[in-house]
Amino acid sequence: MSSAVKSEMISPMFSYDAPAIAKREASIKDYREEYEYSVQDPDTFWADEAANFTWTRKWDKVREWDGVHHQWFVGGKTNITLNALDRHAKSDCFNRVAYIWLGEDGSERVITYGQLYRMVCRFSNGLRSLGVGKGDRVVIYMPLTIEGVVSMLACARVGAIHSVVYAGLGHTALRDRIIDAQAKVIIVGEAGVRRGKAVPLKPVADEAIDGLEMIEHVIVVPRGSEKYEPVSSREVNFYELLKFSSECPAQEMDAEDPLFVLYTSGTTGRPKGVVHVHGGYMVGTTYHLRTFFDVNPRDLFWCTSDIGWIVGHSYIVYGPLCAGVTTIFREGAIDWPTPETAWQIVERYGVTKMFTAPTAIRMFMRYGEHLPAAHDLTSLRVIACAGEPLNPEAWRWAQTYLAGDGKWGYVIDNWWQTETGGPTLGTPATMPYHAGKAGIPLAGVTADIVDAEGKSVGVNERGRLVLKGPFPHMMRTIWNDSSRYERDWRQIDGVYVTGDMALKDEHGYIAVLGRADDVLNVAGHRIGTAEVESALISHPAVGEAAAIGIPDAMKGECIKVFVVLRSGHEASEALSAALIEHVRRELGPIVTPSILEFVTQLPKTRSGKIMRRYLKAKETGEEIGDISTLEQ
């Protein structure tokens, strides 16, 4: 790539028009018109969407909102599994493939909607035999397998509230979540697999539940065999619970009944249990799969997340199943056993739509463009990224080498949170991409950038990202801590404070700069960590970077950066000086890092987000807080 292209690419004014093929094949041709409809008449808009689903009782009212608490499809009754399973399995879609599961060792499992329906019903009856029913909490501590998905769906079918804890979190994190949820059952995998090695999970669960009398049953999923000998009276073999009837009526649920609690780390250091419900979550997440990700039953969709995170809940499990599409998911590391594994999968299966993370894109960059070039990726139409800001260099690389520079596909960005349930800001497949911007507010979302007093800031001015009203798939509360939920709505009257800093360009595109506590203050100038990191990553020697602010007597804060080099480059004082000068040229003297440290890896959560809070605490001696999601 020429230096001229790079310079244009990282300019705030850089815009890349949506490829013709994306515009032609998109399900929504005019996203602006769709958006205006959704915000001018949200009740009719969302009622029209909800009408596409199966309800055992239609709602009396589309929406109620008192400025803090909101409800959707009030009085309506359904069960999300009626829409994820029954309406497909009891139709001509019975033999349509629901999932293609892949293992690191090359193993494959294919399961149709009919097979999935029967398996979920059998396990649902098994749960009922243990006394699990409506409102009970079930913690799921499982690797990324078909059985993990079945466990989630079976809980939903009997009306239990599941709480998936990412397989690999330590026993203390698991125990804290079990206690907070007051779970009566835990479903645990015997082991997972990552980078060719078994990762024992059962011993972690045993330590987590030691002395917890609230746990009545431990359902164990054996690894590699259906044989398992329980070691205590409360243990049950998962496969013994699949010997029940393959018909199980779904528990009728109110639209506002909780579907799941998903714990996420907060800036306070204490994980918070985000609550999503059957009705609105179903309608909103499925809508965005169809319209923003542009996925339909003709597609083969690959989501590279895990069921332990909100992306996996929304876009491995519930959204795709409700939409009746075929989804690929894979256990293990995306670059194992070889760095070209991802492209082998795309070529072999003809993946058409892909959802991944900026972290993965930057990792692919480090391995080089010769790997995707060796495979036929022309089936890819949309590659969507979310999780943290997608820096322009990574976008340009992916658009060039994964999407054929628009010849066959389009790389789009989007932003959302566990709390919002689904995409909130994004670049629709028919609209231009603006370098460094997540995109525009999506259907149903009214967003703004405000100062500390809640006043809108000007174009390209940094401020707090807020949402001016709820939408169906947004969280309802924080489990056991409603006041914590209410604080997010009451920090600034009438809006939801996301906790992220952002800016908006003259075209309405929003760049999310990172968490408010990830924003640097150097000599009175507010600087987003994402800006500094993007500047560093635009240098050909840099694979990954993280920036933090550390106390400085003169400036208030100075900038320290941590840099992971690409293959073929070695750390040196000369390179350090060159990188610092590179940032100075890109962003100006005020943003020049004071300290640069070369590292072999950055601390990340298991969902791939850089944990800058951890870096800053290590540097300053501050309290680290909750690091249960830190990948060891």
So, in the range 395-426, exactly how many residues are closer than 25 Å to MET475 by Cα, of a type in the set (S, T, N, Q) and out of contact with any Leu (no Cβ under 7 Å at 6 or more places or on another chain)?
2
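In the range 411-426, is there at least one residue being within 20 Å of the chain's Cα centre (by Cα), more than 22 Å from GLY312 (Cβ to Cβ) and not charged (D, E, K, R)?
Checking the range 411-426: not a single residue is within 20 Å of the chain's Cα centre (by Cα), more than 22 Å from GLY312 (Cβ to Cβ) and not charged (D, E, K, R).
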Is it the case that THR400 is within 22 Å of THR352 (Cβ to Cβ) and buried (at least 24 other Cβ atoms within 10 Å of the Cβ)?
no
Regarding the range 277-284, can at least one residue be identified that is of a type outside the set (Ser, Thr, Tyr), assigned to a strand (DSSP E or B), at pLDDT below 95 and closer than 20 Å to ARG137 by Cα?
no
For GLU597, are the conditions met, namely being within 21 Å of PRO392 (Cα to Cα), loosely packed, with under 15 Cβ neighbours inside 10 Å, outside the structural domain of ALA452 (by TED's automatic domain parsing) and of a type in the set (Asp, Glu)?
no
Which listed residue, of PRO222, PRO271, is under 30 Å from GLU622 (Cα atoms) and surrounded by 15 or more Cβ atoms within 10 Å (Cβ to Cβ)
PRO271
Inspect the range 503-517 for any residue being modelled with pLDDT under 90, aliphatic (A, V, I, L, M) and within 22 Å of ASN391 (Cα to Cα) and give the result as yes or no.
yes
Restricting the search to the range 535-593, which residues are among the basic types (Lys, Arg) and in contact with a helix residue (DSSP H, G or I) (Cβ under 6 Å, 6 or more places away or on another chain)?
ARG566
Please pick out the residue among VAL411, VAL382, VAL325, VAL346 that is modelled with pLDDT of 95 or more and within 18 Å of GLY106 (Cβ to Cβ).
VAL346
Going through the range 489-509 in order, the residues found to be charged (D, E, K, R) and either in contact with a strand residue (DSSP E or B) (Cβ under 7 Å, 6 or more places away or on another chain) or within 16 Å of SER15 (Cβ to Cβ) (or both) are ASP500, LYS504, ASP505, GLU506
Among what's in the range 150-162 and is assigned to a helix (DSSP H, G or I) and within 23 Å of the chain's Cα centre (by Cα), pick the residue that is farthest from TRP479 (Cα to Cα).
VAL150
Subset of the range 378-395, residues surrounded by 21 or more Cβ atoms within 10 Å (Cβ to Cβ) and either more than 22 Å from the chain's Cα centre (by Cα) or of a type in the set (Val, Ile, Thr) (or both), comes to VAL382, ILE383
With respect to the numbered conditions (1) surrounded by fewer than 23 Cβ atoms within 10 Å (Cβ to Cβ); (2) touching a helix residue (DSSP H, G or I) at 6+ places or on another chain (Cβ under 7 Å), which one is the sole condition not fulfilled by GLY131?
(2)
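Scan the range 28-55 for residues that are basic (Lys, Arg) and in a loop (DSSP other than H, G, I, E, B) and report the count.
1
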All positions within the range 93-146 that are under 27 Å from the mean Cα position of the chain (by Cα) and among the β-branched types (Val, Ile, Thr)
VAL97, ILE100, VAL110, ILE111, THR112, VAL120, VAL138, VAL139, ILE140, THR145, ILE146
Residues (under 22 Å from ARG515 (Cα atoms) and modelled with pLDDT of 90 or more) located in the range 581-591
VAL583
Given the condition over 23 Å from the mean Cα position of the chain (by Cα) and in a loop (DSSP other than H, G, I, E, B), answer yes or no: does some residue in the range 163-183 qualify?
yes
Can you name the condition, by its number, that ASN83 falls short on among (1) within 27 Å of the chain's Cα centre (by Cα); (2) surrounded by fewer than 17 Cβ atoms within 10 Å (Cβ to Cβ); (3) outside any loop (DSSP other than H, G, I, E, B)?
(2)
Return only the number of the condition from (1) over 23 Å from SER305 (Cα atoms); (2) crowded, with 22+ Cβ neighbours inside 10 Å that LEU262 does not satisfy.
(1)
Members of the range 86-123 that are part of a helix (DSSP H, G or I) and crowded, with 22+ Cβ neighbours inside 10 Å
HIS88, TYR113, LEU116, TYR117, VAL120, CYS121, PHE123
Cβ-Cβ distance below 8 Å, separation of 6 or more or different chains: which pairs start in the range 233-244 with a residue that is basic (Lys, Arg) and end on one that is not in a helix (DSSP H, G or I)?
ARG234/ILE215; ARG234/GLU216; ARG234/HIS217; ARG234/VAL218
Take residues that are out of contact with any helix residue (DSSP H, G or I) (no Cβ under 8 Å at 6 or more places or on another chain) and tell me which of the helices (runs of 4 or more DSSP H) falling wholly in the range 293-390 contain 2 or more.
341-349, 358-367
Please verify whether the range 4-19 includes one or more residues that are surrounded by fewer than 12 Cβ atoms within 10 Å (Cβ to Cβ), under 19 Å from GLY439 (Cα atoms) and modelled with pLDDT under 95.
yes
GLU207 fails exactly one of the following numbered conditions: (1) crowded, with 21+ Cβ neighbours inside 10 Å; (2) over 26 Å from the mean Cα position of the chain (by Cα); (3) in a helix (DSSP H, G or I). What is the number of that condition?
(1)
Filter the range 38-53 for residues that are exposed (fewer than 14 other Cβ atoms within 10 Å of the Cβ) and touching a strand residue (DSSP E or B) at 6+ places or on another chain (Cβ under 9 Å) and give the result.
ASP43, THR44
Of those in the range 225-239 that are over 31 Å from the mean Cα position of the chain (by Cα) and buried (at least 18 other Cβ atoms within 10 Å of the Cβ), the residue farthest from GLY131 (Cα to Cα) is TYR228
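Of these, ALA198, ALA181, ALA205, which one is touching a strand residue (DSSP E or B) at 6+ places or on another chain (Cβ under 9 Å), farther than 24 Å from GLY133 by Cβ and of a type in the set (A, V, I, L, M, F, W, C)? Steps first, answer last, please.
On the way: ALA181 fails: farther than 24 Å from GLY133 by Cβ; ALA205 fails: farther than 24 Å from GLY133 by Cβ.
Testing whether each residue is touching a strand residue (DSSP E or B) at 6+ places or on another chain (Cβ under 9 Å), farther than 24 Å from GLY133 by Cβ and of a type in the set (A, V, I, L, M, F, W, C) leaves just ALA198.
The values are calculated or read from the model by the stated rules, or taken from the named source; none is laboratory data. Note that the coordinates shown come from a computational prediction; the quantities given were computed from them, not determined experimentally. Note that we place each Cβ from the backbone using ideal geometry, even for glycine, and neighbour counts take in every protein chain shown.
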